[in-house]
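This report concerns only the one structure given below.
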Amino acid sequence: MRQARQLSSSVSRSDGADRIRLASQLSTLTQQVAAASCSLTSGIDEEEAYDVLERSTKQFERYIDALRDGDEELHILGPEKGRRILTDIELIKDEWMEVHDAIEAILVNDKHDVESAHIIDDHNLKLLELTSNLATDITTQYAQPFEISAADVMLIEIAGRQRMLTQKMAKDACEIWTGYHAEAGKEDLQKTMTIFENSLTALRYGMPAAGVIEAPNDAIREDLDKLLTRWEVIKVNQQTLVDGGELTEEQKTEIFHDLQVELADLEHLLEDYKEYAERAH
(Lines give C-alpha, C1' and ligand atoms only; values in the text may rest on other atoms or scores of the structure.)
Protein backbone atom coordinates (compact mmCIF):
# COMPACT_ATOMS: atom_id res chain seq x y z
CA MET A 1 0.00 0.00 0.00
CA ARG A 2 2.77 2.40 0.99
CA GLN A 3 4.70 1.54 -2.16
CA ALA A 4 1.59 2.16 -4.30
CA ARG A 5 1.09 5.58 -2.72
CA GLN A 6 4.71 6.47 -3.37
CA LEU A 7 4.35 5.40 -7.02
CA SER A 8 1.17 7.45 -7.42
CA SER A 9 2.88 10.49 -5.93
CA SER A 10 5.84 10.03 -8.28
CA VAL A 11 3.54 9.93 -11.32
CA SER A 12 1.81 13.13 -10.23
CA ARG A 13 5.12 14.90 -9.85
CA SER A 14 6.50 13.66 -13.16
CA ASP A 15 3.72 15.17 -15.26
CA GLY A 16 2.95 18.19 -13.09
CA ALA A 17 4.84 20.68 -15.27
CA ASP A 18 3.01 19.46 -18.38
CA ARG A 19 -0.37 19.71 -16.65
CA ILE A 20 0.43 23.29 -15.67
CA ARG A 21 1.58 24.09 -19.20
CA LEU A 22 -1.57 22.74 -20.84
CA ALA A 23 -3.85 24.43 -18.33
CA SER A 24 -2.16 27.79 -18.90
CA GLN A 25 -2.67 27.48 -22.67
CA LEU A 26 -6.44 27.00 -22.38
CA SER A 27 -7.11 30.64 -21.52
CA THR A 28 -5.24 31.76 -24.64
CA LEU A 29 -7.29 29.36 -26.74
CA THR A 30 -10.60 30.74 -25.42
CA GLN A 31 -9.65 34.14 -26.80
CA GLN A 32 -8.10 32.75 -29.97
CA VAL A 33 -11.27 30.94 -31.08
CA ALA A 34 -13.27 34.13 -30.47
CA ALA A 35 -10.79 36.28 -32.40
CA ALA A 36 -10.52 33.85 -35.32
CA SER A 37 -14.28 33.31 -35.64
CA CYS A 38 -14.90 37.07 -35.62
CA SER A 39 -12.18 37.73 -38.19
CA LEU A 40 -13.34 34.89 -40.44
CA THR A 41 -17.04 35.76 -40.39
CA SER A 42 -16.28 39.45 -41.00
CA GLY A 43 -14.23 38.57 -44.09
CA ILE A 44 -10.82 39.57 -42.70
CA ASP A 45 -7.78 37.37 -43.39
CA GLU A 46 -10.15 34.49 -44.08
CA GLU A 47 -7.65 31.77 -44.94
CA GLU A 48 -5.48 32.31 -41.87
CA ALA A 49 -8.51 32.87 -39.63
CA TYR A 50 -10.07 29.59 -40.76
CA ASP A 51 -6.83 27.70 -40.07
CA VAL A 52 -6.42 29.35 -36.66
CA LEU A 53 -10.03 28.62 -35.68
CA GLU A 54 -9.79 24.98 -36.73
CA ARG A 55 -6.42 24.43 -35.03
CA SER A 56 -7.23 26.22 -31.78
CA THR A 57 -10.56 24.37 -31.46
CA LYS A 58 -8.82 20.99 -31.80
CA GLN A 59 -6.14 22.04 -29.31
CA PHE A 60 -8.68 23.22 -26.74
CA GLU A 61 -10.68 20.00 -26.89
CA ARG A 62 -7.63 17.78 -26.79
CA TYR A 63 -6.03 19.66 -23.89
CA ILE A 64 -9.13 19.70 -21.70
CA ASP A 65 -9.70 15.98 -22.31
CA ALA A 66 -6.03 15.25 -21.60
CA LEU A 67 -6.21 17.07 -18.29
CA ARG A 68 -9.20 14.97 -17.29
CA ASP A 69 -8.38 11.57 -18.78
CA GLY A 70 -4.63 11.63 -19.48
CA ASP A 71 -2.80 11.67 -22.81
CA GLU A 72 0.62 10.04 -23.01
CA GLU A 73 1.53 11.87 -26.24
CA LEU A 74 1.05 15.13 -24.34
CA HIS A 75 2.95 13.69 -21.35
CA ILE A 76 -0.16 13.60 -19.14
CA LEU A 77 0.35 10.19 -17.61
CA GLY A 78 -3.04 9.37 -16.16
CA PRO A 79 -6.52 10.62 -15.30
CA GLU A 80 -7.00 13.49 -12.89
CA LYS A 81 -7.95 12.47 -9.34
CA GLY A 82 -8.45 15.83 -7.65
CA ARG A 83 -12.13 16.58 -7.06
CA ARG A 84 -11.76 20.34 -7.33
CA ILE A 85 -9.89 20.14 -10.62
CA LEU A 86 -12.41 17.66 -12.03
CA THR A 87 -15.21 20.07 -11.11
CA ASP A 88 -13.33 22.89 -12.87
CA ILE A 89 -13.01 20.75 -15.98
CA GLU A 90 -16.69 19.82 -16.06
CA LEU A 91 -17.73 23.47 -15.74
CA ILE A 92 -15.47 24.33 -18.68
CA LYS A 93 -16.80 21.47 -20.80
CA ASP A 94 -20.41 22.54 -20.10
CA GLU A 95 -19.67 26.11 -21.14
CA TRP A 96 -17.72 24.90 -24.18
CA MET A 97 -20.63 22.89 -25.62
CA GLU A 98 -22.46 25.86 -27.14
CA VAL A 99 -19.18 27.33 -28.35
CA HIS A 100 -18.26 24.06 -30.03
CA ASP A 101 -21.57 23.88 -31.90
CA ALA A 102 -21.18 27.47 -33.09
CA ILE A 103 -17.62 26.81 -34.28
CA GLU A 104 -18.75 23.74 -36.21
CA ALA A 105 -21.50 25.81 -37.85
CA ILE A 106 -18.84 28.21 -39.13
CA LEU A 107 -16.21 25.68 -40.14
CA VAL A 108 -18.55 23.18 -41.77
CA ASN A 109 -21.61 25.12 -42.94
CA ASP A 110 -20.92 28.82 -43.45
CA LYS A 111 -17.68 30.70 -42.84
CA HIS A 112 -19.67 33.97 -42.78
CA ASP A 113 -22.13 32.79 -40.11
CA VAL A 114 -22.12 35.97 -38.01
CA GLU A 115 -24.74 34.72 -35.53
CA SER A 116 -22.54 31.77 -34.60
CA ALA A 117 -19.58 34.12 -34.17
CA HIS A 118 -21.72 36.16 -31.75
CA ILE A 119 -22.44 33.01 -29.70
CA ILE A 120 -18.70 32.34 -29.44
CA ASP A 121 -18.05 35.94 -28.48
CA ASP A 122 -20.77 35.88 -25.81
CA HIS A 123 -19.21 32.84 -24.10
CA ASN A 124 -15.53 33.76 -24.37
CA LEU A 125 -15.16 35.78 -21.18
CA LYS A 126 -16.88 33.13 -19.06
CA LEU A 127 -14.61 30.52 -20.59
CA LEU A 128 -11.62 32.74 -19.85
CA GLU A 129 -12.69 32.97 -16.21
CA LEU A 130 -13.25 29.23 -15.89
CA THR A 131 -9.96 28.26 -17.57
CA SER A 132 -8.08 30.76 -15.43
CA ASN A 133 -9.58 29.15 -12.31
CA LEU A 134 -8.52 25.73 -13.59
CA ALA A 135 -4.97 26.93 -14.25
CA THR A 136 -4.75 28.31 -10.71
CA ASP A 137 -6.01 25.09 -9.14
CA ILE A 138 -3.71 22.89 -11.25
CA THR A 139 -0.71 25.09 -10.44
CA THR A 140 -1.55 24.91 -6.74
CA GLN A 141 -1.87 21.12 -6.94
CA TYR A 142 1.15 20.31 -9.07
CA ALA A 143 3.75 23.08 -8.66
CA GLN A 144 7.09 22.03 -7.21
CA PRO A 145 8.30 25.02 -5.18
CA PHE A 146 11.93 23.91 -5.01
CA GLU A 147 12.41 23.55 -8.76
CA ILE A 148 12.37 27.27 -9.64
CA SER A 149 12.74 30.59 -7.81
CA ALA A 150 9.74 32.79 -7.01
CA ALA A 151 11.23 35.60 -9.12
CA ASP A 152 11.55 33.34 -12.15
CA VAL A 153 8.01 32.04 -11.65
CA MET A 154 6.76 35.62 -11.81
CA LEU A 155 8.62 36.30 -15.07
CA ILE A 156 7.19 33.15 -16.65
CA GLU A 157 3.68 33.99 -15.44
CA ILE A 158 3.86 37.49 -16.91
CA ALA A 159 5.14 36.19 -20.24
CA GLY A 160 2.49 33.48 -20.22
CA ARG A 161 -0.31 36.00 -19.61
CA GLN A 162 0.93 38.00 -22.60
CA ARG A 163 -0.03 35.09 -24.86
CA MET A 164 -3.66 35.34 -23.83
CA LEU A 165 -3.63 39.14 -24.16
CA THR A 166 -2.57 38.97 -27.82
CA GLN A 167 -5.71 37.01 -28.66
CA LYS A 168 -7.94 39.09 -26.42
CA MET A 169 -6.77 42.19 -28.30
CA ALA A 170 -7.48 40.49 -31.63
CA LYS A 171 -10.97 39.67 -30.40
CA ASP A 172 -11.61 43.15 -28.96
CA ALA A 173 -10.42 44.84 -32.16
CA CYS A 174 -12.74 42.67 -34.25
CA GLU A 175 -15.67 43.48 -31.96
CA ILE A 176 -15.04 47.15 -32.68
CA TRP A 177 -14.82 46.93 -36.47
CA THR A 178 -17.86 44.64 -36.68
CA GLY A 179 -19.88 46.81 -34.30
CA TYR A 180 -20.69 43.92 -31.93
CA HIS A 181 -20.12 45.01 -28.32
CA ALA A 182 -18.11 47.84 -29.89
CA GLU A 183 -18.18 50.28 -26.95
CA ALA A 184 -17.22 47.62 -24.43
CA GLY A 185 -14.61 46.42 -26.94
CA LYS A 186 -13.02 49.87 -27.09
CA GLU A 187 -12.76 50.07 -23.31
CA ASP A 188 -11.41 46.52 -23.02
CA LEU A 189 -8.95 47.01 -25.86
CA GLN A 190 -7.50 50.17 -24.34
CA LYS A 191 -7.01 48.45 -20.98
CA THR A 192 -5.49 45.36 -22.54
CA MET A 193 -3.14 47.41 -24.71
CA THR A 194 -1.87 49.20 -21.60
CA ILE A 195 -1.30 45.98 -19.67
CA PHE A 196 0.39 44.30 -22.65
CA GLU A 197 2.76 47.21 -23.35
CA ASN A 198 3.62 47.81 -19.69
CA SER A 199 4.33 44.12 -19.19
CA LEU A 200 6.55 43.85 -22.27
CA THR A 201 8.46 46.95 -21.23
CA ALA A 202 8.88 45.64 -17.68
CA LEU A 203 10.18 42.31 -18.95
CA ARG A 204 12.65 44.03 -21.26
CA TYR A 205 13.94 46.84 -19.03
CA GLY A 206 12.88 45.74 -15.57
CA MET A 207 10.49 47.13 -12.98
CA PRO A 208 12.28 46.92 -9.63
CA ALA A 209 9.29 48.26 -7.67
CA ALA A 210 7.30 45.20 -8.79
CA GLY A 211 10.21 42.81 -8.40
CA VAL A 212 10.66 42.34 -12.16
CA ILE A 213 14.26 42.12 -13.38
CA GLU A 214 15.35 43.27 -16.83
CA ALA A 215 15.87 40.71 -19.59
CA PRO A 216 18.55 38.44 -18.08
CA ASN A 217 20.38 37.25 -21.22
CA ASP A 218 20.92 37.97 -24.92
CA ALA A 219 18.34 35.46 -26.17
CA ILE A 220 15.56 36.93 -24.03
CA ARG A 221 16.59 40.50 -24.92
CA GLU A 222 16.38 39.65 -28.62
CA ASP A 223 12.97 38.02 -28.14
CA LEU A 224 11.61 41.07 -26.34
CA ASP A 225 13.09 43.57 -28.80
CA LYS A 226 11.37 41.73 -31.66
CA LEU A 227 8.06 41.69 -29.77
CA LEU A 228 8.29 45.39 -28.94
CA THR A 229 9.14 46.35 -32.52
CA ARG A 230 6.09 44.54 -33.93
CA TRP A 231 3.97 45.92 -31.11
CA GLU A 232 4.59 49.48 -32.31
CA VAL A 233 2.82 48.67 -35.60
CA ILE A 234 -0.03 46.76 -33.94
CA LYS A 235 -0.53 49.54 -31.39
CA VAL A 236 -1.02 52.27 -33.99
CA ASN A 237 -3.77 50.35 -35.78
CA GLN A 238 -5.51 49.40 -32.55
CA GLN A 239 -5.36 52.93 -31.18
CA THR A 240 -7.12 54.14 -34.32
CA LEU A 241 -10.00 51.81 -33.47
CA VAL A 242 -10.10 52.92 -29.83
CA ASP A 243 -10.19 56.56 -30.94
CA GLY A 244 -13.17 55.91 -33.22
CA GLY A 245 -11.28 55.87 -36.53
CA GLU A 246 -11.73 53.51 -39.46
CA LEU A 247 -9.24 50.91 -40.66
CA THR A 248 -8.75 49.58 -44.14
CA GLU A 249 -9.16 45.86 -44.76
CA GLU A 250 -5.37 45.63 -45.02
CA GLN A 251 -4.93 47.24 -41.59
CA LYS A 252 -7.50 44.88 -40.04
CA THR A 253 -5.63 41.96 -41.58
CA GLU A 254 -2.39 43.34 -40.12
CA ILE A 255 -3.89 43.36 -36.64
CA PHE A 256 -5.09 39.76 -36.80
CA HIS A 257 -1.98 38.39 -38.52
CA ASP A 258 0.58 40.31 -36.49
CA LEU A 259 -1.04 39.22 -33.23
CA GLN A 260 -0.77 35.57 -34.34
CA VAL A 261 2.94 36.15 -35.03
CA GLU A 262 3.28 37.94 -31.69
CA LEU A 263 1.73 34.90 -30.01
CA ALA A 264 4.22 32.56 -31.69
CA ASP A 265 7.12 34.77 -30.60
CA LEU A 266 5.79 34.82 -27.04
CA GLU A 267 5.85 31.01 -27.05
CA HIS A 268 9.53 31.25 -28.01
CA LEU A 269 10.12 33.80 -25.24
CA LEU A 270 8.54 31.47 -22.70
CA GLU A 271 10.84 28.65 -23.75
CA ASP A 272 13.85 30.93 -23.35
CA TYR A 273 12.66 32.02 -19.89
CA LYS A 274 12.14 28.40 -18.81
CA GLU A 275 15.58 27.43 -20.07
CA TYR A 276 17.11 30.38 -18.21
CA ALA A 277 15.25 29.48 -15.00
CA GLU A 278 16.30 25.83 -15.17
CA ARG A 279 19.95 26.75 -15.71
CA ALA A 280 19.87 29.30 -12.91
CA HIS A 281 18.33 26.74 -10.56
Checked against the positive end of the charge dipole of the chain (+1 on Cβ of Lys and Arg, -1 on Cβ of Asp and Glu, about the Cα centre), the farthest of MET207, MET169, GLY16 is GLY16
Note on region 122-281: contact order normalised by length, alpha-carbon pairs under 8 Å, 6 or more apart, percent, works out to 30 percent
Working with all protein chains in place, sort SER39, SER132 by solvent-accessible area computed with a 1.4 Å probe, largest first. SER132, SER39
Would you mind counting up the charge near GLU175? Only other residues with Cβ under 9 Å from its Cβ, with Lys and Arg at +1 and Asp and Glu at -1. -1
Percent accessible area from carbon and sulfur atoms, the chain, protein chains only, probe 1.4 Å: 51 percent
Sequence-distant or interchain residues sharing an amide H contact under 5 Å with VAL212, placed H: which? MET207
Dipole magnitude (debye, nearest 20) for the chain, charges at Cβ of Lys, Arg, Asp, Glu: 1440 debye
Whole Å is fine, so just give me how far the alpha carbon centre of region 56-131 lies from that of region 224-267. 27 Å
Taking the Cβ of ILE213 as the centre, find all other residues whose Cβ is under 13 Å away and add up their charges (Lys, Arg: +1; Asp, Glu: -1). 0
Please build a GNM for the chain, connecting alpha carbons under 10 Å apart, and tell me which residue among GLY16, GLY43, GLY179 fluctuates the most. GLY179
Using alpha carbons only, how many degrees (0 to 90, rounded to 10) separate the axis of helix 182-205 from the longest principal axis of the chain? 50 degrees
Pairs of alpha-carbon atoms within less than 8 angstrom and 6+ residues apart define the contacts here; what relative contact order does the chain have, in percent? 22 percent
Kindly give the semi-axes, whole Å and largest first, of the ellipsoid equivalent to region 10-101, taking each as the square root of 5 times a Cα gyration tensor eigenvalue. 28, 14, 9
Accessible surface, 1.4 Å probe, highest first, among residues TYR63, TYR273, TYR50: TYR50, TYR63, TYR273
Where the only charges are on Cβ atoms (+1 Lys, Arg; -1 Asp, Glu), what is the dipole of region 175-281 about its Cα centre, to the nearest 20 debye? 320 debye
Can you give me the pair-distance distribution of region 85-177, C-alpha pairs, 5 Å bins, whole percents? 2, 11, 16, 18, 18, 13, 9, 6, 3, 1, 0
The chain, accessible area per residue, ligands and nucleic acids excluded (1.4 Å, Å²): 49 Å²
In terms of solvent-accessible area of protein heavy atoms at a 1.4 angstrom probe, what is the ranking of TYR276, TYR205, highest value first? TYR205, TYR276
Using alpha carbons only, how many degrees (0 to 90, rounded to 10) separate the axis of helix 83-104 from the longest principal axis of the chain? 30 degrees
Among 28-37, 207-216, how do they line up by average Cβ neighbours within 10 Å per residue, starting with the highest? 28-37, 207-216
Calculate the translational D of the chain in whole µm² s⁻¹ from Stokes-Einstein, where the hydrodynamic radius comes from the Kirkwood formula applied to all Cα pairs, the temperature is 20 °C and the viscosity 1.002 mPa s. 109 µm²/s
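The values are calculated or read from the model by the stated rules, or taken from the named source; none is laboratory data. The structure presented is a predicted model; accordingly, all values stated were derived computationally and were not measured. Note that we place each Cβ from the backbone using ideal geometry, even for glycine, and neighbour counts take in every protein chain shown. The protein model used for the area step is the full one, side chains on, heavy atoms only, and it has no ligands, DNA or RNA in it. Shrake-Rupley method; radii C 1.70, N 1.55, O 1.52, S 1.80 Å.
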